[in-house]
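What follows is one structure encoded as structure tokens, with my remarks underneath.
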Amino acid sequence: MNRSLGLNAALVACIAFFVTLVGLPFWWVVSGSIKIPQEIIARTPTMFPQSFTLQHYQKLFDASAYPVYLVNSLIVAASSTVLTLLLAIPAAYAFFRLVFPARGVLYRTILLAYAFPSIVVLIPLFGLFAKVGLVDRLPALIIVNVAFALPFSIWMLRSFLAGVPKEIEEAAVMDGAPTLTILRRIMIPLIAPGIASVGIYAFVTAWTEYVFASVLILSDAKRTLPVGFSGIIGQYQIDWGLLLAGATVAIVPVVAIFALIGRGFVSGLTEGAVK
Amino acid sequence: MPQSKALAFALVAPALLFLAATLGWPLVQAVQLSLQDVRVIGAPGNFVGLDNYERVLANPAFWSAARLSLVWVVANAVLQTALALAVALVLNEKFPGVRIARTWVILTWIVPTVVVVVIWRWLFSTSGGMINPLLIQAGIVERPVGFFATPWTALATLVFINSWRWFPFIALMMLAGLTRIPDELYEAARIDGASPWQRFRRITWPLLAPTLGVLAVIGTLLSFNVFDIIWLLTSGGPAGGSRTLPVLIYETAFKGYRLSEAATISVLATLMLMAFAIVATRALDRSDDR
């Protein structure tokens, strides 16, 4: 594509602006976590660390059960992702490829589930979980996170399913393949990018969730990363070095996962378009 | 097609039942709770009819929270959409590194909210934060600004932080809409000598409008629900300056121990959101038909 000089300049300016807006805060946090305390609170902040120390990380792992939080978060996020996919894929397939009575009404009901404030269900859910003995247990968080991710996940799969040509399915039906086999053998491989996108969406939803995890989990050993991390904030006088180290450790796992499959998320989103 | 309806129902049933149990049933319970006088979780309550509704609707705190929620939602929608549209347009161009940029722009959305909160609390802080020295160096302010010290600046800062977290996500959804616009349209426009602005105005904008509409609805619902960022940064303060409806609900239930009253506010908030969602989706359907 040929762009005029002016347009190119504007593009470069925009890119620089957004790289700064997204990247700089992260750079400051990660580089800040290895600065000595005096440098962190220095009057004139340094763009590049002038000192090097791992004392904040040492303190972080000594003073808190950070590895435990990390494992809990991974368990919750991974289980939520699997459960969301198990529920969303068949439902989306039925909604968008099969014909059955009340389909429209049911689909709209699911979308409406997306439209009410999540904090509304916090109080009744707590009571419900208390009754069945799920308070202070990780499955409670998995259930909640799936509930939040599911409506949007079904909606996200819609455009991917719509992209599969009807002929492929019809040919399989002619060959006498049962519906479930069609779903498993034909649809799922064809909408793999969409499934990857939904999976990442569900994972991130669970990974970042704070409110329910802070109310439904009581004991330190069951805490997820966000809640454990917020515990560090309150526990000490503001110790920025410790917080920056904690933030860095909380950022690294998702960044690592995203480095592996992040491209699938984005190309999945852009290939199956919004409608 | 000779597919059985029973099978279709069997495929949607798990998802539907799951949502009914985790969202539907609690919602019914919230309505029940709002008609009683329960103060703490698990305590028995008496039926009090619409007393709670009368009390809440007469309470200025409710109306000021509702007003703040409206300001919050509109301000976030404007800032998020503007940033997201700009990013989406940039990422829709071809330039070296665009694939990397498309992947990593989402960075702000994949880190836990609590981390987002700490990052910005630090950057905006008056001791050691990066923003104040930068503003002073640039000569914009003379002494450090307490961003969370006054209601107005606190709310504006919160809007910025929340939009910072969400704009890349919205941008990628917009990008999905942009990539569906056929290149031939732009080619034809260029041959006809259309300027970049005309191409945007006549091709991009009208074709992207439906996507923007859907995203505006989703974005509104998402930002209305935001609680953790506000709670962790300002706890609704200073002086109630950032006490939106979700914050008020949480405070009433877990700090004020007035569970039924919190449920009442929840039900009212739900009604507002549902009304918005229904009106908005109707409007979108209508513009689709045009």
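Throughout, read-outs are computed from the coordinates displayed, never taken from laboratory work. A quick note: this is a predicted structure, and the numbers were derived from the prediction, not measured. Neighbour counts are summed over all protein chains in view; Cβ atoms, including those assigned to glycine, are modelled from backbone coordinates with ideal geometry.
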With label points set 7 Å from each Cα along the Cα-to-Cβ direction at B:I191 and B:L70, the distance between them in nm comes to 5.1 nm
Put in order of increasing Cβ neighbours within 10 Å, starting from the fewest, A:I110, A:I257 give A:I257, A:I110
Of B:191-197, A:95-101, ordering from highest average Cβ density within 10 Å down gives A:95-101, B:191-197
In nm, the gap between the two label points placed 7 Å beyond Cα toward Cβ at B:S127 and A:A10 is 4.6 nm
Highest mean packing first, using Cβ neighbours within 10 angstrom, the peptides A:189-198, B:27-36 sort as A:189-198, B:27-36
The aspartates and glutamates whose Cα lies under 14 Å from the Cα of A:K35, excluding any fewer than 8 residues away in the same chain, are A:D239
Projected onto the charge dipole of the stretch B:59-289 (unit charges on the beta-carbon of Lys, Arg, Asp and Glu, signs +1, +1, -1, -1), the Cα from B:L271, B:Y250, B:A75 with the largest positive-side position is that of B:Y250
FRET efficiency for B:R99 and A:T44 from the Cβ-Cβ distance with R0 = 45 Å, rounded to 0.05, comes out at 0.75
As straight-line cross-link partners of B:K255, the qualifying lysines (C-alpha separation under 25 Å, not fewer than 8 residues apart within one chain) are A:K131, A:K222
Per residue of A:18-25, other chain Cβ atoms within 10 Å number on average 6
Ratio for the stretch B:59-289, C-alpha Rg to 2.2 N^0.38 Å, reads 1.18
Straight-line reach check, B:K94, cutoff 25 Å on alpha carbons, 8 or more apart in-chain or any other chain, hits among lysines -> A:K275
Under 5 Å from the placed amide H of B:Q36, counting only residues 5+ away or on other chains, we find B:V48
Between the Cα axis of helix A:119-131 and the main Cα principal axis of chain A, the angle (0 to 90°, nearest 10) is 80 degrees
With a ≥ b ≥ c from the Cα gyration tensor eigenvalues, square-rooted, and the rule rounded for a/c under 1.5, otherwise prolate when a/b > b/c and oblate otherwise, the stretch B:176-284 is prolate
Rounded to whole angstrom, the alpha-carbon centroid of the stretch A:1-59 lies from that of the stretch B:200-228 at a distance of 30 Å
Averaged over residues of B:23-31, the number of beta carbons from other chains lying within 10 Å of each residue's Cβ is 6
Label model pair A:E170, B:I140: point-to-point distance (7 angstrom along the Cα→beta-carbon line) in nm is 6.0 nm
With +1 at each Lys and Arg Cβ and -1 at each Asp and Glu Cβ, the charge dipole magnitude of the protein assembly as shown around its Cα centre, to the nearest 20 debye, comes out at 300 debye
Shape call for chain A, from the Cα gyration tensor axes a ≥ b ≥ c (a/c under 1.5 means rounded, otherwise prolate when a/b beats b/c, else oblate), comes out oblate
Any DSSP H helix in chain B with Cα axial reach of 30 Å or more and mean Kyte-Doolittle score of at least 0.0? Listed by number, the hits are B:60-91, B:151-178, B:259-289
Applying the gyration tensor rule to the Cα atoms of the stretch B:1-115 (axes a ≥ b ≥ c; rounded if a/c under 1.5, else prolate if a/b exceeds b/c, else oblate), the class is oblate
Between the Cα axis of helix A:225-235 and the main Cα principal axis of chain A, the angle (0 to 90°, nearest 10) is 30 degrees
